[in-house]
Amino acid sequence: RHSCAVDLAGKGVCWGSNTQGQATPPGELLSTVAAGHRHSCGVRSNGGVTCWGDNAKGQAKPPAKVRVAAVAAGWEHSCLVDALHHRVLCFGHVTPSERTPGTDELTTCPRVWVQ
C-alpha cells in the first residue's frame, strides 16, 4: 500500500509501503505518476515513461520509444496512452479480457483521442 504524487518542482514523491522499491521514484522530472500494487510508473517531462518497483510480471517494463500522454498502474500490469498513435498499450500480467485475443502481447485498443 503506497501512494505517489508529483511535487511543485516536478519530482515524483511516494510514501507508504516500499517492500519492492515502489515508493522510491527515480530522481527525474515527471509530469504525472501512478501507483500500482507493488510498482509505480511516471510520465517523464519529455513524454517518455518510467516504472519502478516489482517487475515480476513485466508490469514495470514499459515499451520503449513511445510518447506517452497518460499512464495507469494496476495489480500486476500497467497501461499507457500512446500519444502519437492514439492507442492504449498494457504490459505485465493482464487477464484474457485485457490482452489482444490469442496473444500475450501488448494490449492495443484501436482509438483513443489525445488532446
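Residue separation of SER45 and ARG1 scaled by 0.36 nm, minus their Cα-Cα distance, works out to 13.2 nm of gained length. Sequentially through region 39-54, phi angles give Karplus couplings (6.51, -1.76, 1.60; θ = phi - 60°) of 8, 9, 9, x, 8, 5, 5, 8, x, x, 10, 9, 10, 8, x, 4 Hz, Gly and Pro residues having no value and appearing as x. For region 1-60, the spread of Cα coordinates along the three principal axes comes to 28, 22, 15 Å, biggest extent given first.
With 0.36 nm allotted per residue and the present C-alpha distance subtracted, the ALA64-LEU84 stretch has 5.9 nm of extension available.
Where a number appears in this text, it was derived from the coordinates with a stated rule and is not lab data. Keep in mind that this is a model prediction, so the values were computed, not measured.
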